[in-house]
Amino acid sequence: MIRTALCAVLVLASFACTSANETPFTELGASNSEDAPSLLTWSEQMAVRDQWLAKRHDMLLPMMRRQGIDMWIVVNEEFNDDPLTEYVAPARPYAGRRDVFVFIDAGVAGLRKVAATGYWEETVARFFESPVDPEPPADVLRGLYEEYRPDAIGLGTGGRRGMTRSLAHDSYRFLADAMGPEAERRFVSAEGLIVEYLATRIPEEWDHYEQLVALTEHITRRAFSDQVIEPGATTVGDVRRFMYDALWASGVRTWFQPDLRVQRRGMERVASRGFLAVAPEETVIERGDLVHVDFGISYMGLDSDWQKMAYVLQPGEADAPQGLKDALANTNALQDALMLRASRPGRTVGEVYAETMAEMEEAGITAQVYSHPLGNHGHGLGPSIDFRSSGSTAAAQQVLVEGSYISIELNTLTPVPEWGGQDVFMMQEDPAYLTPEGWRFFRPRQEALYLIG
């Protein structure tokens, strides 16, 4: 997604997904040969995510020790869920007034996990010490501090991203009052731990994430088709509403609104923070238009991010003008430079960015790269490869990790002869994962424009 990330949401607390035995999109007109991937039911999702949680908890103690955190506390407030809760505790709705999850480095005894909640819940008790008749959370916290006297108590404060600074002011005051002034002096930012925890992908997620990306592609292809778009009549708002309804029909949701951009011959370019601006909803999609969508789906606590381009055929045309096809080829060349030649595990993002842009300059291609991590959030935590990853900044020194997920998000600007030499943005975004040989897409990339009409 190009624009600033919107607030992350708990997917599982709001929607039940389509049964594996159901056929999504029947009411939306999709043929059987184009059915969306079958997703897990809500109960199935929770069971799988509980398995993931057990594995993540097994990985947590080494992370805490690497980050110098002796105790980590996550506080979930009623109707104000902490974005960490569904990743450190079972992915269930939490309706207690205040639920506190505590992870303690107990030395040779290993990782101790305590849930101080307002009421007992069976699933939470599978992962945490959680008595049927709970003690007041303030008493639990005070007792744990007195027992372990941790030097560094990690909290979701002081971070640079929302997931790393999510502790509310009143939640902080509750912790400080419950644990006392001495403990408060030991409060530190858990940013490093949160980043490592959320940026670490596990192999068990891969198949489900591929299904998520496949559904993202499916809905995009349906939206950019003759069944949805009637040139001269359909508006940008109509397409956006179709995509919202398609999400609802599949039992998933999006982490940001679908955005469409329209380019056409002779149209004045409207910029927004250096990028082509989103088209107003009343914009009518006409023949000869180049249409772009930015779209992402949330499923199983994972997010996708996806951009594709479509061309609306003029009367008598069977394909897009060669100039537009050449523009897409330039963007494919940019993808190849970044993914296949510049990127390898262990390289810094600064090295990757510099090498990619040098290759584009040599090829005479005007390019922008703004790729970012994916996973639990659409704008995830971890190394980004973009224009901020240049020079000797701390961001540029971050190292690529094998198995991580990324959004390969970028564009090229190409003059199109058929449009009188007008510059055209060709934007692409695809989820990918890092192998020893570079990034690989979860789904095949776009090498030909979607054709409408």
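Bear in mind these aren't lab numbers, they're just calculated from the coordinates by the rules spelled out. The model shown is predicted, which means the values in this text are computed figures rather than measured ones. Here the Cβ positions follow ideal geometry from the backbone for every residue, glycine too, while neighbour counts run over all protein chains shown.
Between V284 and E122, what length in nm is gained on full extension when 0.36 nm per residue of separation is reduced by their alpha carbon distance?
My answer for the length gained is 53.0 nm.
Taking every DSSP beta bridge with both residues inside region 202-452, roughly what % is antiparallel (nearest 5)?
About 95 percent, rounded to the nearest 5.
Could you go through region 110-119 in sequence order and give the Karplus-derived ³J(HN,Hα) for each residue, using 6.51 cos²θ - 1.76 cosθ + 1.60 with θ = phi - 60°, rounded to whole Hz, and x for Gly and Pro?
Once rounded to whole Hz, the list reads x, 8, 9, 10, 10, 10, 9, 10, x, 8.
Which shape class applies to region 202-452: rounded if a/c is under 1.5, otherwise prolate when a/b exceeds b/c and oblate if not, where a ≥ b ≥ c are the square roots of the Cα gyration tensor eigenvalues?
Note, shape of region 202-452 comes out oblate.
Between M59 and F441, what FRET efficiency follows from the Cβ-Cβ distance if R0 is 22 Å, with the result rounded to 0.05?
The computed FRET efficiency comes out at 0.25.
Give the percent of DSSP beta bridges with both residues in the chain that are antiparallel, rounded to the nearest 5.
Within the chain, antiparallel bridges account for around 85 percent of the total.
Would you calculate the separation in nanometres between label points at W206 and D423, each defined as 7 Å from the Cα along the Cα-to-beta-carbon direction?
4.1 nm
So for S390, S371, S171, fewest C-beta neighbours within 10 Å to most, what's the order?
Sorted ascending by nearby Cβ count, the order is S390, S171, S371.
Specify which labelled value, from (1) 22.5, 73; (2) 23.9, 79; (3) 29.3, 95, agrees with Rg and Dmax of the Cα atoms in Å derived from the coordinates of the model shown.
It is the one labelled (2).
Once you place label points 7 Å from the Cα toward the Cβ at A448 and R264, how far apart are they in nm?
Going from the A448 label point to the R264 one covers 2.5 nm.
Under a 5 Å amide H to amide H cut-off, with H placed in plane at 1.01 Å, what residues pair with Q422 once short-range neighbours are removed?
It is V416, by chain and number.
Test of understanding: what is the full-extension gain from T366 to R66, defined as 0.36 nm times their sequence separation minus their Cα-Cα distance?
Full-extension gain reported as 103.9 nm.
For helix 137-148, what angle does its Cα long axis make with the longest principal axis of the chain, in degrees from 0 to 90 and rounded to 10?
Taking the Cα atoms of the chain, the angle to 137-148 is about 70 degrees.
Which of rounded, prolate or oblate describes region 160-287 when judged by the alpha-carbon gyration tensor and an a/c cut-off of 1.5?
It comes out prolate by the Cα gyration axes.
What whole number of Å gives the distance from the Cα centroid of region 73-113 to the Cα centroid of region 170-206?
Computed from Cα coordinates, the inter-centre distance equals 10 Å.
Report, in degrees rounded to the nearest 10, the 0 to 90 angle that the Cα long axis of helix 169-179 makes with the longest principal axis of the chain.
Roughly 20 degrees between the two axes.
What are the ³J(HN,Hα) couplings of region 322-328, residue after residue, when phi is run through the Karplus curve with 6.51, -1.76, 1.60 and θ = phi - 60°? Round to Hz, x for glycine and proline.
4, x, 6, 5, 5, 4, 5
How long is the gain from T41 to R273 if the chain were fully straight, where each residue apart is worth 0.36 nm and the alpha carbon distance is subtracted?
79.5 nm
Once both labels are modelled 7 Å past Cα along the beta-carbon direction, what's the Q397-A358 spacing in nm?
Between Q397 and A358, the simple spin-label model gives 2.1 nm.
Among rounded, prolate and oblate, which fits region 44-198 when a ≥ b ≥ c are the square roots of the eigenvalues of its C-alpha gyration tensor, a/c under 1.5 means rounded, and a/b larger than b/c means prolate?
Cα axes put region 44-198 in the rounded bin.
Just rank K55, K308, fewest to most, by other beta-carbon atoms within 10 angstrom.
Lowest count first: K55, K308.
5 Å is the cut-off here: which amide hydrogens, built 1.01 Å from N in the peptide plane, fall below it relative to Q314, excluding neighbours closer than 5 in sequence?
G288
If neighbour count is taken as other Cβ atoms inside 10 Å, put T331, T283 in order from fewest to most.
Placing the least packed residue first, the sequence is T283, T331.
So what's the angle, to the nearest 10 degrees on a 0 to 90 scale, between helix 206-223 and the longest Cα principal axis of the chain?
Between helix and principal axis, roughly 40 degrees.
What does the helix-only formula give at 222 nm for the chain: each DSSP H stretch with n ≥ 4 adding -39500 (n - 2.57), the total divided by the residues, and the result rounded to the nearest 500 deg cm²/dmol?
Rounded to the nearest 500, it is -9500 deg cm²/dmol.
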